[in-house]
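The values are calculated or read from the model by the stated rules, or taken from the named source; none is laboratory data. This one's a predicted model, so the numbers in the text were calculated from it and none came from an experiment. Virtual Cβ from ideal backbone geometry, glycine too; neighbours counted across all protein chains shown.
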Amino acid sequence: MARLSLQKISKQYDDGTQAVSNINLQVEDGEFLVLVGPSGCGKSTLLRLIAGLESATSGQIAIGETIVNDVAPKDRDIAMVFQNYALYPHMSVFDNMAFGLKMRKYDKGEIANRVVEAAATLGLREILHKKPRSLSGGQLQRVALGRAIVRLPRLFLFDEPLSNLDAKLRLSMRTELKKLHKKLQATIVYVTHDQTEAMSMGSRLVVLSGGIIQQVGTPLEIYNNPANIFVADFLGSPAMNFIHCHLTAENSELFLEKEGFAPIRLSEKQRTAINKNSAIKTSIIGGIRPEHLSEAAPPSDTTHQRKLSMQLDFLEPMGNEFIAACHVEDCEITARLSASSQLQPDQLCDLYFDINQLKLFEPVSGASINC
């Protein structure tokens, strides 16, 4: 395996489109790194630059100690797994998995050993004789994985490999990929637009938007402490609720005020962070995740508890919970409620939250206020 280093990588196409801009990133040996973002954010372009399928406009790409900007894709010692599997329909599973090794003139015995070993790991030994047309989607994906594994490359690249599978199969394949990574201790760069897939698989996430890195960190670091409104909104389903508020001061306290809501008193830590931020004047954006809203009455110590009184519009049953859609004036709020909830649509409800779970963002830049 190998360490991957990207330094000041940019890609601009002839029509002036800036696909990625000034990307600096280190992928450690044996790491499972996920590039995640909406369509058109530059994640697949970045993967193709690493693979050598496209050339960077500027910057340096190194795999291990080797700078590979001018190295042909076939000589970069990488294996890529594509969204559409890219299998040869006229070849058997064995021959598809062996094809890359045959092109590199490996000994027949070595090829057979590698293919059989990979097939055993992926549960493919019983179908090595079959052609792709007779396989299920999950089997096709495992064959594509097997073709990559037999190469024993220094770096694996995955370009949305599960997007063509149904929801149940995607879940099982995520588990299989994580098991495979643990067994191989492989260095993996994985591209997806599916935030659930990213959160559940990556040891670190790189969140991209507009060809620019928005945040890098572990899934929980990014989920709990998003760097800006884009990251906070993109990761999480249902998405974080955002409330555009005015700041008011009374004595030594700071309050968030929004038409229809009772004033929300901020914590001392939040107040200190706002006072240190010169970009904050009278407006601010508060963010609260749906799972941090509860209909349960607060305990006797209500030091950190705050309340939102709203109109409940409808409840979406999810089996183990309800997704509640509420509103006050022009502000829409989504909450995750217990499956035992007795609330009914078209009634007023009180939802409680811990003020320490409220995220604060600058209204213009969207940057998180560090508190």
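Could you check ALA239 against (1) in contact with a Phe, Trp or Tyr (Cβ under 8 Å, 6 or more places away or on another chain); (2) surrounded by 15 or more Cβ atoms within 10 Å (Cβ to Cβ) and say which number it fails?
Failing condition for ALA239: (1).
Cβ-Cβ under 9 Å, sequence separation 6+ or interchain: first residue in the range 59-73 and under 18 Å from ILE23 (Cα atoms), partner acidic (Asp, Glu) and assigned to a strand (DSSP E or B). Which pairs?
That search, which allows pairs on different chains as well, returns nothing.
What is the one condition in (1) farther than 22 Å from PRO226 by Cα; (2) surrounded by 12 or more Cβ atoms within 10 Å (Cβ to Cβ); (3) aliphatic (A, V, I, L, M) that ALA339 does not satisfy?
So the condition that ALA339 fails would be (2).
Any idea which of (1) touching a helix residue (DSSP H, G or I) at 6+ places or on another chain (Cβ under 6 Å); (2) within 15 Å of ASN84 (Cα to Cα) is the one PHE158 doesn't satisfy?
Here PHE158 clears every test but (1).
Considering only the range 149-176, state which residues are under 22 Å from PRO73 (Cα atoms) and within 23 Å of the chain's Cα centre (by Cα).
So in the range 149-176, the residues under 22 Å from PRO73 (Cα atoms) come out as 149-161.
LEU155, PHE156, LEU157, PHE158, ASP159, GLU160, PRO161 - these are the residues of the range 149-176 that are under 22 Å from PRO73 (Cα atoms) and within 23 Å of the chain's Cα centre (by Cα).
Which ranges mark the helices (runs of 4 or more DSSP H) fully within the range 183-301 that have 1 or more residues being farther than 30 Å from PHE156 by Cα?
Details: elements: 195-201, 219-224, 229-234, 268-276.
In the range 183-301, 229-234, 268-276 are the helices (runs of 4 or more DSSP H) which contain 1 or more residues that are farther than 30 Å from PHE156 by Cα.
Taking THR192 as the residue in question, decide whether it is surrounded by fewer than 19 Cβ atoms within 10 Å (Cβ to Cβ) and on the phi < 0 side of the Ramachandran plot. First the steps, then the outcome.
Values: surrounded by fewer than 19 Cβ atoms within 10 Å (Cβ to Cβ): no; on the phi < 0 side of the Ramachandran plot: yes.
Answer is no for this residue.
How many residues does the range 65-110 hold that are closer than 19 Å to GLY138 by Cα and either of a type in the set (Ser, Thr, Tyr) or not assigned by TED's automatic domain parsing to the domain that holds ALA144 (or both)?
Of the residues in the range 65-110, 3 are closer than 19 Å to GLY138 by Cα and either of a type in the set (Ser, Thr, Tyr) or not assigned by TED's automatic domain parsing to the domain that holds ALA144 (or both).
Scanning for something touching a Cys at 6+ places or on another chain (Cβ under 6 Å) and either part of a loop (DSSP other than H, G, I, E, B) or at positive phi (or both), does the range 323-336 turn up at least one residue? Full working, then the answer.
If we filter the range 323-336 for residues that are touching a Cys at 6+ places or on another chain (Cβ under 6 Å), which is where we start, we get 333.
Next, only the ones that are either part of a loop (DSSP other than H, G, I, E, B) or at positive phi (or both) stay: none.
No - not one qualifying residue is present in the range 323-336.
Quick one: in the range 7-43, which of the residues that are within 14 Å of the chain's Cα centre (by Cα) and not small (Gly, Ala, Ser) is nearest to GLN195 (Cα to Cα)?
VAL36
Looking at LEU165, LEU177 in this structure, which one is among the aliphatic types (A, V, I, L, M) and either outside the structural domain of VAL27 (by TED's automatic domain parsing) or surrounded by fewer than 20 Cβ atoms within 10 Å (Cβ to Cβ) (or both)?
Details: LEU177 fails: either outside the structural domain of VAL27 (by TED's automatic domain parsing) or surrounded by fewer than 20 Cβ atoms within 10 Å (Cβ to Cβ) (or both).
Just a single option satisfies the conditions, and that option is LEU165.
Cβ-Cβ under 6 Å, sequence separation 6+ or interchain: first residue in the range 247-261 and on the phi < 0 side of the Ramachandran plot, partner surrounded by 12 or more Cβ atoms within 10 Å (Cβ to Cβ) and of a type in the set (Phe, Trp, Tyr). Which pairs?
Partner pairs satisfying both residue conditions: THR248/PHE255.
Under 8 Å by Cβ, and 6 or more places apart or on different chains, what pairs join a residue from the range 1-13 that is among the β-branched types (Val, Ile, Thr) with one that is in a loop (DSSP other than H, G, I, E, B)?
Going by the 8 Å Cβ cut-off, the qualifying pairs are ILE9/ALA56.
What number of residues in the range 73-101 are surrounded by fewer than 16 Cβ atoms within 10 Å (Cβ to Cβ), among the aliphatic types (A, V, I, L, M) and more than 23 Å from TYR190 (Cβ to Cβ)?
The qualifying residues number 1.
So that you can scan it fast, the table gives a plain yes or no per residue for (1) of a type in the set (Val, Ile, Thr); (2) modelled with pLDDT under 95:
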position	(1), (2)
GLY202	no, yes
ILE212	yes, no
TYR223	no, no
SER237	no, yes
